[in-house]
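**Q** Encoded as structure tokens, here's the structure I'll be asking about.
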Amino acid sequence: MVFKKSLKLNTKDNDNEKSNNIVKNDSKPDGGWGWIVTCAMCLCLCLSTALRSSIGILYTYMIDEFGFDLTVLSLIGSINGAVSYTGAFFTVSLIERFGVRRVLCVGGLIQFTGCLMSAFASSFVLLLISLSIITGLGNALTYVTGVVAIDAYFDKKKSIAVSLATTGISLSRIIFPSTVEFLLSKYGFSDAMMIFSAILLNLVVCGAVVFPQRLVSQEVVTSKAEKLEKDMAFCKNTGFILYVLASFLFCLGVLLPVGFIPETASARGVSVASVSLTFVGSGIMDILGRISFGIISHRYSFYVCKIWSACLAGFGLSMLIVPFSNQLYQFLLFNLLNGLLNGGVNLGYALAIKNITEPKYYGRGISMSLVMQGLGLLAGNPLAAYLQEVTGNENVPYYFGTIIFIMTALVLLPFSGSRQHEVSTIEIKVSEHHLGENDSKH
């Protein structure tokens, strides 16, 4: 059964336009089973980012087991991130057609398959296909869908629910680096990846929890809104162009710590097991950073871009700690500071766009940002590894990261004073498709 309702935002349409829309009130529960779904989506995002959070630990064991060069191995994490982010651009269409539950379950099965295949890989090409492409495609389905699922259950409390769910990304940094290191040291690469794939299979359970609540999808129905779908004039806005450029630039360096710190620490006499524990502190500080950024940006909404810019600059400067680090406590200090700033950096891009473009363009704006972030992730770590190999200086990736983040902060300066746009006129038809067999009929 399909329900249709009109959601009106600061409407200025005339009575004739109003009469063309079917109106039906069917409020979301704003709680109840929604909190169970929120917990499930927190776990979903935690599992979805597990490979990315522990990729540096995997690199160190792949070097020993397969004899691959770090420059070559860095392509695995970079391509995985690129496929995950650019693939997310198409995930919304799949959600609208098949529903959150199916997309999440299929995404979980794909990630499980990719990790399981890597356990039997004996060449770099097979590792690239399994861990980068197949697992990346599965991640593209689960990462975005995990956030979208919450929309069907919350209205007024949506911001709280989304914030709680996205802490799963931070929890991933707390749990998986040390977990993966333990599995690798205890069972070896092949057996460890089998166990890791079984852990990722829990994504299917997370998807099954999205039941029996209705899934909400939105499409534009008025002639004015239909025209907006084809209107890409916002892409010519200078502020938006700089925003997209900033999205690309910061992703060139955002994975440098997780990709290079384990190998750097190991080369300086700090065990991989010990340095993996410092990422636990990084994950805890990441949660604190996200919460702090959210509170501050809510209180000072006009200065979101400035706050984001400050976090980016701080993230870059924090990398200068690593070249002078030789002891475990120094790497711990770096990861604590970097984790705090990382929370703000990764939340900032999603909030900053509200100060740059109009609400009617948010969806397309974020989608374009994700594509550019995917390209940044694709190029970042391999480029840093190449520069490290060419120069013969193990500190080059961190100098590279500092330069990149300072550049990103400078790119944001021209529109750092932009204020949040007012909500504009738009009519939306909401189609609510039942996902469960026992939903009540209206």
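**Q** So, LEU137, is that one in contact with a Cys (Cβ under 7 Å, 6 or more places away or on another chain), at pLDDT 85 or above and closer than 17 Å to ARG52 by Cα or not?
**A** No: the conditions fail for LEU137.
**Q** Additional query: Could you check the range 379-397 and list, in sequence order, the residues that are without any contact (Cβ under 8 Å) to a residue 12 or more places away in the chain and either touching a strand residue (DSSP E or B) at 6+ places or on another chain (Cβ under 9 Å) or at negative phi (or both)?
**A** Within the range 379-397, VAL390, THR391, ASN393 qualify.
**Q** Considering only the range 92-186, give the helices (runs of 4 or more DSSP H) lying wholly within it that have at least 2 residues that are of a type in the set (Val, Ile, Thr), over 14 Å from the mean Cα position of the chain (by Cα) and closer than 18 Å to CYS46 by Cα.
**A** Once the helices (runs of 4 or more DSSP H) in the range 92-186 are filtered for at least 2 residues that are of a type in the set (Val, Ile, Thr), over 14 Å from the mean Cα position of the chain (by Cα) and closer than 18 Å to CYS46 by Cα, what remains is 100-118, 135-151.
**Q** So in the range 253-302, with the set limited to residues that are among the hydroxyl-bearing types (Ser, Thr, Tyr) and without any contact (Cβ under 8 Å) to a residue 12 or more places away in the chain, which one is farthest from GLN388 (Cα to Cα)? Explain how you work it out, then say what you get.
**A** Filtering the range 253-302 for residues among the hydroxyl-bearing types (Ser, Thr, Tyr) gives 264, 266, 271, 274, 276, 278, 282, 292, 297, 300-301.
With without any contact (Cβ under 8 Å) to a residue 12 or more places away in the chain added as a condition, the list becomes 271, 300.
Numbers: SER271: 21, TYR300: 40 Å.
The extreme case among them is TYR300.
**Q** Checking the structure you have, find out if any residue of the range 280-295 is within 23 Å of MET62 (Cα to Cα) and either modelled with pLDDT of 85 or more or under 20 Å from the mean Cα position of the chain (by Cα) (or both). If you could, list the steps in order and put the result at the bottom.
**A** Start the filter on the range 280-295 by keeping residues that are within 23 Å of MET62 (Cα to Cα), which leaves 280.
Still in the list and also either modelled with pLDDT of 85 or more or under 20 Å from the mean Cα position of the chain (by Cα) (or both): 280.
Within the range 280-295, one or more residues are within 23 Å of MET62 (Cα to Cα) and either modelled with pLDDT of 85 or more or under 20 Å from the mean Cα position of the chain (by Cα) (or both).
**Q** Within the set of pairs 6+ apart or on separate chains, which have a first residue in the range 319-340 that is outside any helix (DSSP H, G or I), a second that is buried (at least 19 other Cβ atoms within 10 Å of the Cβ) and among the aromatic types (Phe, Trp, Tyr), and C-beta atoms under 7 Å apart?
**A** From residues that are outside any helix (DSSP H, G or I), the pairs are SER325/PHE331; SER325/PHE334.
The values are calculated or read from the model by the stated rules, or taken from the named source; none is laboratory data. These numbers were taken from a predicted model, which means no experiment stands behind them. Note: ideal-geometry Cβ built from the backbone for every residue, glycine included; neighbour counts use all protein chains shown.
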